[in-house]
Amino acid sequence: MNCSRCARKAVIYLPYMSQHLCKEHFIKVYEKRLKLELTKRGINKKTKVNVKEDSFLENAIVKHYLKKYYYKMSNEENSILLDASNIECSLKDYLKAFITGQAYENKNVLSRFYARENELYAELEGITYKRKKNCVNTEMEGYIMQMLEDIEKNQPGAKFKLLSSFEKIRAANYSSS
Ligand SMILES: [Zn+2]
């Protein structure tokens, strides 16, 4: 399968974009989306930022990106501390919050990225890490995760649509209170 944007060989299919992407275009798209996530959080190259424990794949990715594009990394107390996992972890947290009636604030910088996208980006960029985030700690969380996988399998791209819907619900709740 060739890339939807050029003649090169595709390395991944992104169902929510309905596009096959080659290595170069995948990295380009991934980084553009990551930049957008940082901008949404008010982070630019003048902001002092730091990343939580970078032995995790997801945090190592964010740190790699910040360094690659010369963001202002700082250990000072007033710097913004970023944390990241993947779309699966954020969806699980949203669903759990809805089921239990608890509040959930999404602080995950990579909440719009599938775990497999994070893994591929790290591989292509040569990012080293010790472990991946595991956000399943209870039986219910395991059940929710399995349900998400089943939905995605049946309806590719569903995870992305679900996350967008949850964010809209949350925004509506904030503006009405
Ligand atoms: Zn391409």
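Readers should treat all values here as calculations from the given coordinates under stated rules, not as data from a laboratory. Model, not experiment: these values are computed from the prediction. So basically every Cβ, Gly included, is an ideal-geometry build from the backbone, and we count neighbours across all protein chains shown.
Residues in the range 1-12 that are surrounded by fewer than 16 Cβ atoms within 10 Å (Cβ to Cβ) and under 16 Å from Leu124 (Cα atoms): 2 in all.
Consider Ile99 carefully, then state whether it is more than 13 Å from the ligand (Cβ to nearest atom), more than 26 Å from Glu152 (Cα to Cα), out of contact with any helix residue (DSSP H, G or I) (no Cβ under 6 Å at 6 or more places or on another chain) and among the β-branched types (Val, Ile, Thr). No. Condition check: touching an Asp or Glu at 6+ places or on another chain (Cβ under 9 Å), under 26 Å from Leu162 (Cβ atoms) and buried (at least 18 other Cβ atoms within 10 Å of the Cβ). Does Ile61 satisfy that? The answer is yes for Ile61.
Can you pull out every residue in the range 1-36 that is within 7 Å of the ligand (Cβ to nearest atom) and closer than 22 Å to Lys68 by Cα?
Within the range 1-36, the subset within 7 Å of the ligand (Cβ to nearest atom) is 3, 5-6, 8, 21-22, 24-25.
Selection gives Leu21, Cys22, Glu24, His25.
When the range 90-114 is filtered for residues that are surrounded by fewer than 12 Cβ atoms within 10 Å (Cβ to Cβ) and under 15 Å from Lys40 (Cα atoms), only Glu105 remains. Can Glu37 be described as among the acidic types (Asp, Glu), buried (at least 16 other Cβ atoms within 10 Å of the Cβ), under 27 Å from Ala171 (Cβ atoms) and in contact (Cβ under 8 Å) with a residue 12 or more places away in the chain? Yes; evaluated as a whole, the condition is true for this residue.
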